[in-house]
Amino acid sequence: MKMYFILFGPPGAGKGTQAGSMVERYHLCHLSTGELLRSEIAAGTELGLQAKALIEAGNLVPDAVVEGMIAAKFRNTTGVEGFLLDGFPRTIAQAQALDRMLEESGEKVTACISIMIPDTLIQQRIAHRATIEGRADDARPEVVENRIHTYHAKTEPLIEFYREAGKYQEIDGVGTIEQVRERIFTLMDLL
Ligand code: AP5
Ligand code: MG
């Protein structure tokens with residue numbers, strides 16, 4: 001059986017930052033729905049055109065869009081011991097769709113690893129990243145506010161979903177990048 005880790009957390013929690021060392025250590029394939037969508041936008045595809053306005057306003061794209069992208073990646077990726085899902089699932093419907101997808105191939109979610117930071121730190125981290133990466137959805141504080149709001153309204157309920165499934169593992173995302181990485185490794189080594 002392959003491993004399916006969900007890397008969970010609010011915007012700016014450090015998912016993308018930590019993903020690189022996690023996939024290296026555990027031989028996983030990093031799948032970030034945010035990154036996949038940004039490359040669709042950059043390539044000017046039909047899907048990218050549909051997603052652009054939603055992302056730039058800080059709203060979620062439709063469940064079916066991201067579910068389709070993830071299903072295609074599962075089908076086409078070989079030679080890995082599992083997947084690290086960064087930014088997916090983000091709604092209860094997506095989590096249920098993921099369970100169905102995995103069930104069809106006799107697989108299941110291994111664990112949901114949640115990096116938690118307070119809302120005040122989110123704005124700070126994203127304002128900092130805005131000066132470096134130039135992501136369209138980082139540029140305006142009101143868009144970041146909406147992403148935080150969307151996280152609480154639509155994504156936070158997943159904590160209870162995975163807790164009930166006995167799969168929720170939370171780590172403190174406050175501290176240096178190295179400190180957070182060590183906390184994640186300590187946890188994952190035990191799973
Ligand atoms: P997505 O790209 O997933 O953005 P996000 O969830 O808002 O998360 P971020 O990428 O902003 O944060 P991160 O946790 O990766 O933080 P990072 O490591 O970069 O999604 C973008 C959009 O796409 C969504 O709004 C939505 O529209 C759409 N979308 C994506 N998935 C979807 C889905 N499943 N369904 C529907 N729509 C979807 O860190 C942030 C900054 O902090 C960096 O500068 C970093 O260097 C710094 N930093 C990190 N850790 C530390 C630390 N410990 N100390 C100090 N600084 C740190
Ligand atoms: Mg990210």
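The values are calculated or read from the model by the stated rules, or taken from the named source; none is laboratory data. Note that this is a predicted model, so its numbers are computed, not measured. Here Cβ is always computed from backbone atoms with ideal geometry, including for glycine, and neighbour counts include all displayed protein chains. Surface accessibility is based on the protein's heavy atoms, side chains included, excluding ligands, DNA and RNA. Shrake-Rupley method; radii C 1.70, N 1.55, O 1.52, S 1.80 Å.
Observations on the model:
- Residue in region 178-187 that is assigned to a helix (DSSP H, G or I), of a type outside the set (D, E, K, R) and under 18 Å from Ile92 (Cβ atoms) present: no
- Those residues of region 138-176 which are without any contact (Cβ under 8 Å) to a residue 60 or more places away in the chain, on the phi < 0 side of the Ramachandran plot, more than 17 Å from the chain's Cα centre (by Cα) and open to solvent by less than 80 Å² (accessible area, probe 1.4 Å), in sequence order: Ala139, Ala165, Val174, Thr176
- When residues of region 19-50 are limited to those that are surrounded by 21 or more Cβ atoms within 10 Å (Cβ to Cβ) and near ligand 1 (Cβ under 7 Å from one of its atoms), the one farthest from Gly173 (Cα to Cα): Leu37
- Taken over region 114-137, the criterion of being in contact (Cβ under 8 Å) with a residue 12 or more places away in the chain, of a type in the set (Gly, Ala, Ser) and open to solvent by less than 50 Å² (accessible area, probe 1.4 Å) is satisfied by Ser114 alone.
- When Gly16, Gly34, Gly20, Gly106 are screened for being on the phi > 0 side of the Ramachandran plot and of a type outside the set (Ser, Thr, Tyr), only Gly106 passes.
- Residues of region 65-96 that turn out to be within 13 Å of ligand 1 (Cβ to nearest atom) and in a strand (DSSP E or B), as a count: 3
- Region 1-18, subset of a type in the set (A, V, I, L, M) and not in a loop (DSSP other than H, G, I, E, B), residue farthest from ligand 1 (Cβ to nearest atom): Met3
- Condition broken by Lys15, with the remaining ones in (1) touching an Asp or Glu at 6+ places or on another chain (Cβ under 6 Å); (2) open to solvent by 20 Å² or more (accessible area, probe 1.4 Å); (3) away from ligand 2 (no atom under 11 Å from the Cβ) satisfied: (3)
- Any hit, region 38-45, residues being in contact with a Ser or Thr (Cβ under 6 Å, 6 or more places away or on another chain) and assigned to a loop (DSSP other than H, G, I, E, B): no
- There is no residue in region 56-78 that is within 12 Å of ligand 2 (Cβ to nearest atom) and either open to solvent by less than 50 Å² (accessible area, probe 1.4 Å) or of a type outside the set (D, E, K, R) (or both).
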